């Protein structure tokens, strides 16, 4: 098992299957360009590689808000179905927590769908709390 940051097109492509699990609406032909653009906007894609294959991935960025200052926001966290229960996602969260502490940040935040009970168990076990409801409005 190895934790690796996606820095090349090949790395990004390696994470396709993992992120498709979480974001089934993504189109493969647009995926690399979307992730590449997000990286230029501060997004970081980090993944666990096991036996030469990406099995879990986390995407996060640095943000600053008035209510909690500088923090990491986790956009995406996913593990292949067949690789779940092996601690990969927990290792990626620990990785982000370590980076945040190194930078002197006080918070890590994320949003999670109401139906993702297994993910919620992981977040609660890692010390996250249910701090708010997230609202959104689709404009088109």
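Nothing in this text is a laboratory measurement; each read-out follows from the coordinates by a stated rule. Computed from a predicted model, the values in this text were never measured in an experiment. Cβ sites come from the backbone with ideal geometry, for glycine too, and all protein chains shown count toward neighbours.
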Counting just the residues of the stretch 110-126 that are in a helix (DSSP H, G or I) and out of contact with any strand residue (DSSP E or B) (no Cβ under 8 Å at 6 or more places or on another chain), which one comes out surrounded by the most Cβ atoms within 10 Å (Cβ to Cβ)?
-> 122
Selection within the stretch 1-15 - without any contact (Cβ under 8 Å) to a residue 60 or more places away in the chain, surrounded by 15 or more Cβ atoms within 10 Å (Cβ to Cβ) and touching a strand residue (DSSP E or B) at 6+ places or on another chain (Cβ under 8 Å) | 4, 6, 11, 12, 14, 15
In this structure, is residue 57 surrounded by 11 or more Cβ atoms within 10 Å (Cβ to Cβ) and touching a residue at least 40 places away in the same chain (Cβ under 8 Å)?
-> yes
Please go through the stretch 71-90 and pick out each residue that is part of a helix (DSSP H, G or I), farther than 18 Å from residue 108 by Cβ and touching a strand residue (DSSP E or B) at 6+ places or on another chain (Cβ under 9 Å).
-> 82, 83
Residue 100 passes all but one of the listed conditions (1) closer than 15 Å to residue 2 by Cα; (2) without any contact (Cβ under 8 Å) to a residue 40 or more places away in the chain; (3) touching a strand residue (DSSP E or B) at 6+ places or on another chain (Cβ under 6 Å); (4) assigned to a helix (DSSP H, G or I); the exception is number (1)
So residue 107 clears everything in (1) closer than 16 Å to residue 48 by Cβ; (2) surrounded by 11 or more Cβ atoms within 10 Å (Cβ to Cβ); (3) over 14 Å from the mean Cα position of the chain (by Cα) except one condition, right? Which one?
-> (1)
Surrounded by 15 or more Cβ atoms within 10 Å (Cβ to Cβ) and farther than 14 Å from residue 74 by Cα: does that describe residue 95?
-> no
Restricting the search to the stretch 22-48, which residues are surrounded by fewer than 17 Cβ atoms within 10 Å (Cβ to Cβ), over 28 Å from residue 132 (Cβ atoms) and either in contact (Cβ under 8 Å) with a residue 12 or more places away in the chain or under 15 Å from the mean Cα position of the chain (by Cα) (or both)?
-> 28, 32, 36
